[in-house]
Amino acid sequence: MNRDAKFINFSEEHELDYILKKYGKETSKENRVALKGFGERAKKFLGKTMLGHEEFYKYLEDNSLIETLK
């Protein structure tokens, strides 16, 4: 796996859609905007500038954020 593949690029719609599909959520603009916000919160909370997929999924799940998406 190349280095970029392990990090989430929140400006790439297809990456956000992948996360939404993973959790069975709608690939809507509203949900993508919410994920971007969750990503910013996760980065601040974890003290990071980039997030890996697994650490972001854990943050979403630990904070019950999946349930807030449509």
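The values are calculated or read from the model by the stated rules, or taken from the named source; none is laboratory data. Note that this is a predicted model, so its numbers are computed, not measured. Using ideal geometry, Cβ is built from the backbone for each residue, glycine included, and neighbour counts are taken over all protein chains shown. Remember, those area values only see protein heavy atoms, side chains included, never the ligands or the DNA or RNA. Shrake-Rupley method; radii C 1.70, N 1.55, O 1.52, S 1.80 Å.
If Lys25 satisfies all but one of (1) open to solvent by less than 80 Å² (accessible area, probe 1.4 Å); (2) part of a helix (DSSP H, G or I), what's the number of the condition it fails?
Condition (2) is where Lys25 drops out.
Just the residues that are under 13 Å from Tyr23 (Cα atoms) and exposed (fewer than 10 other Cβ atoms within 10 Å of the Cβ), please, taken from the range 47-66.
Listed by number, the list holds a single entry, Ser64.
In the range 11-55, how many are farther than 14 Å from Ile66 by Cβ, of a type in the set (A, V, I, L, M) and free of Cβ contacts under 8 Å to residues at least 24 places away in the same chain?
2
How about the range 7-22: which of its residues are surrounded by 13 or more Cβ atoms within 10 Å (Cβ to Cβ) and part of a helix (DSSP H, G or I)?
Glu15, Leu16, Asp17, Tyr18, Ile19, Leu20
Among (1) part of a helix (DSSP H, G or I); (2) open to solvent by 40 Å² or more (accessible area, probe 1.4 Å); (3) over 19 Å from Ala5 (Cβ atoms), there is one condition Asn31 misses while meeting the rest; what is its number?
The single condition Asn31 does not satisfy is (2).
Which is exposed (fewer than 14 other Cβ atoms within 10 Å of the Cβ) and part of a loop (DSSP other than H, G, I, E, B), of Lys44, Lys70?
On the way: Lys44 fails: part of a loop (DSSP other than H, G, I, E, B).
Every option except Lys70 fails the conditions.
Looking at the range 51-59, is at least one residue more than 11 Å from the chain's Cα centre (by Cα), modelled with pLDDT of 95 or more and either of a type outside the set (Phe, Trp, Tyr) or under 18 Å from Ala5 (Cβ atoms) (or both)?
At the first step, the residues of the range 51-59 found to be more than 11 Å from the chain's Cα centre (by Cα) are none.
The answer is no, given that none of the residues of the range 51-59 is more than 11 Å from the chain's Cα centre (by Cα), modelled with pLDDT of 95 or more and either of a type outside the set (Phe, Trp, Tyr) or under 18 Å from Ala5 (Cβ atoms) (or both).
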